[in-house]
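J.: Quick one: the structure is below, and I'll ask about it shortly.
The values are calculated or read from the model by the stated rules, or taken from the named source; none is laboratory data. Please read all numbers here as calculations on a predicted model, not as lab measurements. A quick note on method: Cβ atoms are made from the backbone with ideal geometry, for glycine too, and the neighbour counts reach across all protein chains shown. We work out accessible area using only protein heavy atoms, side chains counted, and drop any ligands, DNA or RNA first. Shrake-Rupley method; radii C 1.70, N 1.55, O 1.52, S 1.80 Å.
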Amino acid sequence: MSNVLLVDTNFSSGPIYNYLVKAGHEVHVVGGNPKDFLAKCVTNYVNIDYTDINKVSQFIRDKGIELIVPGCNDRSYQVCAELNQNGIYPGIDTIEATETINNKEQFRAFAAQHGLSVPHVLLSEEIGKRWPVIVKPVDAYSGRGVTILHESEQSQLQTSIDRAREFSRSQTCIVEDYV
């Protein structure tokens with residue numbers, strides 16, 4: 001039996017939690033919203049905003065956590081990659097790999113370099129000339145800040161770009177063909 005930290009409290013992580021418990025692990029769940037599903041349902045919930053790496057690292061040390069498991073969102077996985085910089089937790093990707101997968105701009109560049117089929121990212125001179133498009137923050141998660149626009153909605157393009165940048169931690173977005 002391992003001492004495990006599940007880094008997510010959302011409903012979608014319930015099956016992960018149940019599996020870990022049934023496998024005989026001592027499971028702690030961390031997240032900053034005590035109203036989330038797992039926060040309300042489990043006995044080992046800890047109210048820590050898991051994006052605070054220092055606090056989560058301290059909790060891991062204090063509780064003798066042996067394994068970390070990401071929940072079902074990009075930010076949770078990113079945090080686990082940051083916590084695993086020294087590579088002691090099996091199955092967690094490097095920060096570089098995680099960024100390549102989760103950062104939409106980096107992933108499009110990776111895909112193009114490796115011949116993977118992905119929607120075309122519009123260059124600045126193409127924006128406003130091709131429709132329909134999807135505007136996305138490059139580093140947000142769970143669909144936040146994403147807008148789909150059709151040609152009849154051209155007047156909303158700049159508003160959609162501004163909105164996407166607001167949701168982006170780096171204030172960066174991409175506009176690509178909507179497929």
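J.: Label-point separation (nm) for ASP62 and GLU26, each offset 7 Å from Cα along Cα-to-Cβ?
T.: Inter-label distance under the simple model: 1.5 nm.
J.: Taking a threshold of 25 Å on the Cα-Cα distance, which of the pairs LYS22/LYS55; LYS35/LYS63; LYS63/LYS104; LYS40/LYS63 fall above it?
T.: In this structure, LYS22/LYS55; LYS63/LYS104 lie more than 25 Å apart at Cα.
J.: At 7 Å along the Cα-to-beta-carbon direction for both SER117 and ALA97, put a label point, then send me their distance in nm to one decimal.
T.: 2.6 nm
J.: Report the FRET efficiency, 1/(1 + (r/R0)^6), for ILE88 and GLU166, where r is their Cβ-Cβ distance and R0 is 45 Å, rounded to 0.05.
T.: 0.80
J.: At 222 nm, what value in deg cm²/dmol follows for the chain if DSSP H runs of at least 4 each add -39500 (n - 2.57) and the sum is divided by all its residues, to the nearest 500? Numbers along the way, then the final one.
T.: On the way: 7 runs with 64 residues, N = 179.
Only helices count here, giving -10000 deg cm²/dmol.
J.: Take the Cα atoms of region 73-179, build their convex hull, and give its volume per residue in Å³.
T.: Expressed per residue, the convex hull around the Cα atoms of region 73-179 is 107 Å³.
J.: By how many nm would the segment from GLU125 to THR159 grow when fully extended, if each residue of separation counts as 0.36 nm and the alpha-carbon distance is taken off? Display every interim value, and only then the final one.
T.: Details: separation 34, 0.36 × 34 = 12.24 nm, distance 1.77 nm.
Length gained, GLU125 through THR159: 10.5 nm.
J.: Now, a different point. I want to verify a result. In a Gaussian network model of the chain, Cα cutoff 10 Å, which of these has the top mean-square fluctuation: GLU126, GLU82, GLU96?
T.: Sorting by GNM fluctuation, first place goes to GLU126.
J.: Around TYR45, which amide H atoms from residues at least 5 apart in sequence, or from another chain, sit under 5 Å from its own amide H, with H modelled in the peptide plane?
T.: It is VAL29, by chain and number.
J.: Probe radius 1.4 Å, ligands and nucleic acids ignored: give me the carbon and sulfur share of the accessible area of the chain as a rounded percent.
T.: Result for the chain: 50 percent of the exposed heavy-atom area is carbon or sulfur.
J.: Between PHE110 and TYR141, what is the label-point separation in nm under the 7 Å Cα-to-beta-carbon projection?
T.: 1.5 nm
J.: Which of the trypsin sites (Lys or Arg not before Pro) found in region 17-118 are in a DSSP loop and have at most 11 neighbouring Cβ atoms, other than their own, within 10 Å?
T.: Qualifying residues, ordered by number: LYS35.
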